[in-house]
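A short worksheet on the structure shown next.
The values are calculated or read from the model by the stated rules, or taken from the named source; none is laboratory data. What you are looking at is a predicted structure, and each value in this text was computed from that prediction instead of being measured. Positions of Cβ are backbone-derived with ideal geometry, glycine not excepted, and every protein chain shown enters the neighbour counts. Ligands, DNA and RNA are stripped out before the accessible areas are found, and what is left, the full protein with its side chains, is counted by its heavy atoms. Shrake-Rupley method; radii C 1.70, N 1.55, O 1.52, S 1.80 Å.
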Amino acid sequence: MATDAWRQARDATVSLWRRVHPERVPAIEAELADVRAEVIAAREEGDPQAEEDLAADWQRRLRRLLRDDPLLADELRRVLDEELNPLLAPAEQTRIGIQMTATASGHARIYQAGRHQTIREA
């Protein structure tokens with residue numbers, strides 16, 4: 001992880017926490033330093049699973065942040081799209097989201113939902 005890119009990602013993440021939970025900033029800064037060391041070690045050891053686990057941990061943190069304050073959705077999307085995603089290599093810049101694809105033939109029915117779905121048939 002390049003030093004400049006890491007600093008920018010760290011600053012963007014700390015800035016988000018500073019706006020929503022300023023009392024947690026020192027802990028977030030320390031945790032980000034630990035994560036960086038773990039990512040570097042995982043890459044040196046050729047352990048992509050460890051790196052994926054660390055990413056999943058931060059995804060859970062961001063989901064909890066959003067769960068606790070749904071009004072942060074626009075700000076979180078802005079930070080991800082404008083500050084964090086551009087720091088990734090082009091091959092890694094995939095938009096996080098859900099993509100659903102379905103193909104039906106004959107008399108088949110397809111029901112897809114990104115959340116809750118109720119189907120009532122008469």
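Computed values, structure above
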{"read-out": "Every pair of residues 6+ apart whose Cβ atoms lie under 8 Å, when the first sits in the range 79-93 and is in contact (Cβ under 8 Å) with a residue 60 or more places away in the chain while the second is open to solvent by 100 Å² or more (accessible area, probe 1.4 Å) and assigned to a loop (DSSP other than H, G, I, E, B)", "value": "none"}
{"read-out": "Filter result for Leu72 (assigned to a helix (DSSP H, G or I) and within 13 Å of the chain's Cα centre (by Cα))", "value": "no"}
{"read-out": "Yes/no for Arg61 being surrounded by 12 or more Cβ atoms within 10 Å (Cβ to Cβ), charged (D, E, K, R) and out of contact with any Asp or Glu (no Cβ under 6 Å at 6 or more places or on another chain)", "value": "yes"}
{"read-out": "Selection from the range 10-47 of residues that are open to solvent by less than 40 Å² (accessible area, probe 1.4 Å), within 14 Å of Leu84 (Cβ to Cβ) and in contact with a Lys or Arg (Cβ under 9 Å, 6 or more places away or on another chain)", "value": "Trp17, Leu32"}
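Yes/no per residue for (1) touching a helix residue (DSSP H, G or I) at 6+ places or on another chain (Cβ under 7 Å); (2) modelled with pLDDT of 90 or more; (3) of a type outside the set (A, V, I, L, M); (4) part of a helix (DSSP H, G or I):
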position: Ala33; (1), (2), (3), (4): no, yes, no, yes
position: Ala42; (1), (2), (3), (4): yes, yes, no, yes
position: Glu52; (1), (2), (3), (4): no, no, yes, yes
position: Asp57; (1), (2), (3), (4): no, yes, yes, yes
position: Arg63; (1), (2), (3), (4): no, no, yes, yes
position: Arg95; (1), (2), (3), (4): no, no, yes, no
position: Met100; (1), (2), (3), (4): no, no, no, no
position: Gln112; (1), (2), (3), (4): no, no, yes, no
position: Glu121; (1), (2), (3), (4): no, no, yes, no
